[in-house]
Each structure stands twice: as structure tokens, then as C-alpha cells.
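First up is the structure itself, then whatever we jot down about it.
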4 protein chains.
Amino acid sequence: MTTFRTKLKVRFGDIDQAGIVYYPRILHYFHVAMEEFFSHELGIDYPTVVLQHHIGLPTVHLETDFRNPLRYGDVFEVEVRVLSIGQTSIKFGYTAYFENQDKVALEGHNVTVCVEIQTARKLKIPNWLREKLEAYQQRSGMDSSTAAP
Amino acid sequence: MTTFRTKLKVRFGDIDQAGIVYYPRILHYFHVAMEEFFSHELGIDYPTVVLQHHIGLPTVHLETDFRNPLRYGDVFEVEVRVLSIGQTSIKFGYTAYFENQDKVALEGHNVTVCVEIQTARKLKIPNWLREKLEAYQQRSGMDSSTAAP
Amino acid sequence: MTTFRTKLKVRFGDIDQAGIVYYPRILHYFHVAMEEFFSHELGIDYPTVVLQHHIGLPTVHLETDFRNPLRYGDVFEVEVRVLSIGQTSIKFGYTAYFENQDKVALEGHNVTVCVEIQTARKLKIPNWLREKLEAYQQRSGMDSSTAAP
Amino acid sequence: MTTFRTKLKVRFGDIDQAGIVYYPRILHYFHVAMEEFFSHELGIDYPTVVLQHHIGLPTVHLETDFRNPLRYGDVFEVEVRVLSIGQTSIKFGYTAYFENQDKVALEGHNVTVCVEIQTARKLKIPNWLREKLEAYQQRSGMDSSTAAP
């Protein structure tokens, strides 16, 4: 059972006046983790999905819990899961762990909708993408019988 | 009944490769709206809260629905509500409307926790802030009897 | 003699680990000021330039002096000047003043090149735009005889 | 002769309405490259410099030439050089190359000033830092006799 994780660093400019990562930039971390997930786990770069397949996955719903603040110098790993796959939507789960710790910095999920990128028209998830996502669900022990609703 | 709204513009650099506002930057809009809400509705600048009262309101939970994409050139108004006030937490609601329309771009809420900004130690919301927030709840028809749980 | 100025505020998330505005975000302020300059001084929204005239003005050269750090709570005014107009290029000057003070936070200029936005192909500046820019140069006392080279 | 380079990727949210990297975010790339330069070439993490040595290096002057636009999917390498070292200032040079090409995306330099981070008071560059920087200048063939003025 393998769950994809990517390592990221808090950058100097990610910090806000309170001395912790500005929360909108935390959602940027989720997006970066998703981009890495496509390259390293699904075997297709997200730029290829967007620029050659003309498919986008805009977020329509987002929930995040900020468990422990990230500070400058923190290194963390974002785990990416595929929680469920609908006709046109994909629900991704993200958990950020402080490096070499079980301590969670944040966890969340977003629901994305598959669209044709020029027109923003909703699309049935193409089979090639569905197959990659389902194969990852199986590898990561997140298949349809165990997935959160 | 008055609900605070602030007008914002989508900026050139807010757009992403899909030609819509990059979703992490949408959460920045919420924060900017909260800053304006403090100045214009509560009568105290958020910088004063942070720098002179040494109080911060980091977000611990966030939910957002992205109803209709914002694009370059869009002007929109963010409505800020105070959904509930706990001992140490404040739940803010945000709805972004396209200018001069009832059409919603996005809506969401976040739960923030009142902390002493240097130590990040949780604080009971000071009375002066609680009173301002409650007075706004009454002005905006969002008092304790009607507030969402 | 009128020089365009727009008022901006340092936002909570603009700050970096050193407690001052992260310098890349200062360049964002210049871009926002340019967008406001188009709307309020040239009489055409920059989104209209981009989306309807299909013209872009990417920056090819940038110089900035950071005179005094901007901090959270600072309000400042960015003055926009049109330093020179070539066949295909426009050189804009920016000076940011602390509000109600002569004190300069930063000053800089950038050279932008007029391009067809889809192809990024260089374009002769269209007459309608050149005329607007030249009229502003005259209004602001920055005509061709006084402009910096 | 070794010059430090770090590999970066253009991210989905780095793009602007013109379909190229928003130029303020290019300066963020320079900062990230400087952070990596400290860790990998100088042998001290920049967070350690800031948080334990209480030293900051705010930028006081910046010049950048944007030679070729970066687009989504581009991978590039930023070369970091130490152009000169004064009593209190360090001038860094940056060149970004498209991956596996000699083609330059952008080049620039910034002058930073060494400050005590709490007070923003100018500091003589501490010897331990000067020695690391000078050693790198020698390794990279950028010693005082060849450095640009």
C-alpha cells in the first residue's frame, strides 16, 4: 500500500504578519502537491493534461482544517489521496505532515470538476484519466469499498 | 439591517493557467474583505488589532464553495458576516457577488481562533472586540437567535 | 500638471518573515497601480485592452530601488508616469510614497513591450493607445522634451 | 569552477492573464533560489540565518531583464552568483535557463543589505557569512578581480 507524498518547504515569503504561513498560501501547497502527484504517481504531467488534453480540474468545494501552524524553516510532506471519483468530479484528500513526524499541520479535501479548459464546459472524466486514478486508489488502499462518502 | 460589503477587483496576476482566478487567491480575497470589515464596520483597523493589541485571528477551519469562476476584469463584492462567537473563536461568513448582480461567485466561512500573536497562545476574546462583533451581528440581523450553528 | 496616483494598503499576507513587505509583492503593487492608471487616467480598463484589443504589455526590463520598507498597516500612494514611448515599447515610472508624506517607500521603472496577446508577437503601439499615453505625458509634464532617456 | 544552480518548475498559479509567468512571481523565484543557495552551497539554511543569527538580507535595489517568457510546464534552472560583497551589502546575480538549454529566460541582480532582523538596523556582514560568500566566489570563478563592479 503506497500513498503518494511530496516534500515541500515553507518559503520566506509564505509567512504573514503573525509569523505563520498565510492561510491562502497553504491552499497553494495543496495545488503544488496535486501537480507533483500527477507527474510522479499518475505518470502524466499536469501541464500535459491542461495544455495537450485541454482538460482542467477547477475546485468547486474546499474544506481544510489547520491543525498546527507552519512556520519559516518547516519542511513538510503533503500526502495526496483520491477520495472518490464521480462522473465528472474528483475528490482529492490532502494531509500535510511535519517532516519525519506524525504531527499533522493541516488536512483537507477539495472537489474538482473536470472541464474542457477553453469553454469551462463540464466533461465526463476521460477513461485514460479515470483508469489512472482508480489504479492509484487501489495502490493506496482507497478503493471504492473503503472510500469516505 | 446592514450587512458589510467591500468591492474588489480581479487583478491581472490573480488568474491561473485555466484563465480563472487561482483558487488559493480567492481565500486572499476573503482575508482582504475581513481587513476592510474591521476598518469600516468595526471601527478598528486590523493592523491596530495585531500590532497594538497583539491579537491575531488565525484560521483553524475553512469551507468554501466556488459557484461561478471569477475572470479577469470582474468586479465583485464580498459580504462579511459574523456567524457565531465562542469563548475564543469567531466564525466569519463570506459571500462574493458579481458587481450589480445577485449572482454568487463564491461563498464560504472560516473559523478563527483568538490568539496572543507572539506566543500563539489561545485567548478569551477581549470584551471590546466581542462587543463590536455582537453589535454588528445585531445590525446585520445575525444575532444569536438566528445564527447558523 | 497632474500626475496619477493610486492609494494602496499593505495587506496582512504581503508581509514576509522579516516583518516587511516581501519584495516580489512590491512589484505586484506596481502592476496594480498600472491597472488603476489605465482605468482612471487613460479612460480604458486594462482588462479591455487585454481581452478586447488582444494587446498585452509584458515587462522586459525592471529596475527598482527599495528606499524604506513597507510594513503592515502602511497606506501608500503609487504615482505612475509614462517616461518614454517607443515604436513598440513603453517605459513606465513608479514612485510609492507613504500616505500624506513626502517619504518615498520605493521607486522604479519598467519597460514593457506591446504584444499581440495570443501569439506574443511584438506590435507597433496602436495609435489610440499612443495618443492616450502622449496626452497623459503632457498633462503630467512628462513630454518628450523632458522625459528621461 | 562550480556555479550553483537550482531547478524550479513553473506552477499552475504562477501564470497570469497573458498566459506567461506574472513578473512579480519571477522575483519570488529569485528568492527561492537564494534560499536554496544558502542550504546547498553555503551550508547553512536561510531560516537558520534569520531565526538563529537574527540576520536579514532585504533587497534595496533590483534589476531584471526578462529575455524569454516562462510558460506553464516550463522547468528552469536558476544560477546564483555572488557578484560583490561590501561592508554591509551583498550583490547577488541570478540567471534562469530553460532546462537543458542555453536559452536564458531571465537574468538579474539584487543588492541586499545585511540587517539585524528585529530592528532593521544595518549590520557589518559577520565574518562567518563573509567567509562562506568569498569561498563561493572563488569556487565559482567570481573573485574580487573578476567581479563586475
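The values are calculated or read from the model by the stated rules, or taken from the named source; none is laboratory data. Just so it is clear, the model here is predicted, and its values are computed rather than measured. Because the Cβ atoms are built from the backbone with ideal geometry, glycine has one as well, and the counts that use them run over all protein chains shown. Calculation scope for accessible area: heavy atoms of the full protein, side chains included, ligands and nucleic acids excluded. Shrake-Rupley method; radii C 1.70, N 1.55, O 1.52, S 1.80 Å.
So for chain D, averaging the separation of alpha carbon pairs under 8 Å that are six or more residues apart and normalising by length, what relative contact order in percent results? Write down the numbers at each step before the final one.
Details: 269 pairs, mean separation 40.3, N = 149.
Relative contact order, chain D: 27 percent.
At 7 angstrom along the Cα-to-beta-carbon line, where would the label on D:THR88 sit relative to the other copies? Give the distances in nm, shortest first.
Going from nearest to farthest copy, the values are 4.2, 4.4, 6.1 nm.
About its Cα centre, how strong a charge dipole does segment A:70-118 have in debye, to the nearest 20, once Lys and Arg get +1 and Asp and Glu get -1 at the Cβ?
Dipole magnitude for segment A:70-118 comes out near 140 debye.
B:TYR72: net charge of surrounding residues, Cβ under 15 Å, Lys/Arg +1, Asp/Glu -1, itself excluded?
Details: positive: B:LYS9, B:ARG11, B:ARG25, B:ARG71; negative: B:ASP14, B:ASP16, B:ASP74, B:GLU99, C:GLU35, C:GLU36, C:ASP45, D:ASP16.
Charge balance near B:TYR72 sits at -4.
Hey, any idea what % of segment A:1-79's accessible area is carbon plus sulfur with a 1.4 Å probe?
Numbers: 1230 of 2690 Å².
Summing carbon and sulfur atoms, their accessible area is 46 percent of the total for segment A:1-79.
Could you compute the net charge surrounding A:LYS132? Neighbours are other residues with a C-beta less than 12 Å from the C-beta of A:LYS132; K and R count +1, D and E count -1.
Counting the neighbours of A:LYS132, the net charge comes to -1.
Over segment C:1-74, give the accessible area per residue in Å² for a 1.4 Å probe, as an integer. Mind showing how you got there, number by number?
Numbers: 2580 Å² over 74 residues.
On a per-residue basis, 35 Å².
How many nm separate the modelled label positions at C:ARG67 and B:ASN68, each set 7 Å beyond the Cα in the direction of the Cβ?
4.4 nm
Give the average over all directions of the projected area of the C-alpha convex hull of segment B:1-148, one decimal, in nm². Write out the running numbers ahead of the final one.
Numbers: hull surface 36.6 nm².
One quarter of the hull surface, i.e. the mean projection, equals 9.2 nm².
Based on the Cβ-Cβ distance of D:GLN52 and C:GLU134, what FRET efficiency does E = 1/(1 + (r/R0)^6) give at R0 = 41 Å, to the nearest 0.05?
E(calc), rounded to 0.05, equals 0.15.
Considering only C-alpha atoms, what is the centroid distance from segment B:13-36 to segment A:77-149, in Å?
23 Å
Could you pull the copy-to-copy label distances for D:ARG121, with points set 7 Å along Cα to Cβ, in nm to one decimal and sorted shortest first?
2.8, 6.1, 6.7
Rounded to the nearest 100 Å², what's the accessible area chains C and A bury against each other, both chains counted, probe 1.4 Å?
900 Å²
Can you pull the mean other chain C-beta count within 10 Å for peptide B:74-85? Intermediate values should be presented prior to the final figure.
Values: counts 1, 2, 0, 0, 0, 0, 0, 0, 0, 0, 0, 0.
That works out to 0 on average.
I want the local charge near A:GLY43. Using Cβ-Cβ distances under 15 Å, sum +1 for each Lys or Arg and -1 for each Asp or Glu among the other residues. Mind dumping the intermediate values first?
Values: positive: A:ARG130, A:LYS132, A:ARG139; negative: A:GLU35, A:GLU36, A:GLU41, A:ASP45, A:GLU131, A:GLU134.
Net charge in that neighbourhood comes out at -3.
Per-residue Cβ counts within 10 Å, from other chains only, averaged over B:46-53: what number is that?
Across the residues of B:46-53, the mean count of other-chain Cβ atoms within 10 Å is 3.
Quick one: of C:LYS9/C:LYS103; A:LYS91/A:LYS132; D:LYS91/D:LYS124; A:LYS122/B:LYS91; B:LYS9/C:LYS9; A:LYS91/B:LYS122, which pairs are farther than 23 Å apart, Cα to Cα?
Cα-Cα > 23 Å for A:LYS122/B:LYS91; A:LYS91/B:LYS122; rest within.
Taking the Cα atoms of segment B:54-125, report the difference between the largest and smallest coordinate on each principal axis, in whole Å and largest first.
Largest to smallest, the principal-axis extents are 41, 22, 17 Å.
Could you tell me how many degrees, from 0 to 90 and to the nearest 10, lie between the Cα long axis of helix C:23-37 and the main elongation axis, the longest principal axis, of the Cα atoms of chain C?
Helix C:23-37 sits roughly 50 degrees off the main axis of chain C.
To the nearest whole number, what is the average tally of beta carbon atoms from other chains within 10 Å of the beta carbons of peptide A:6-15?
6
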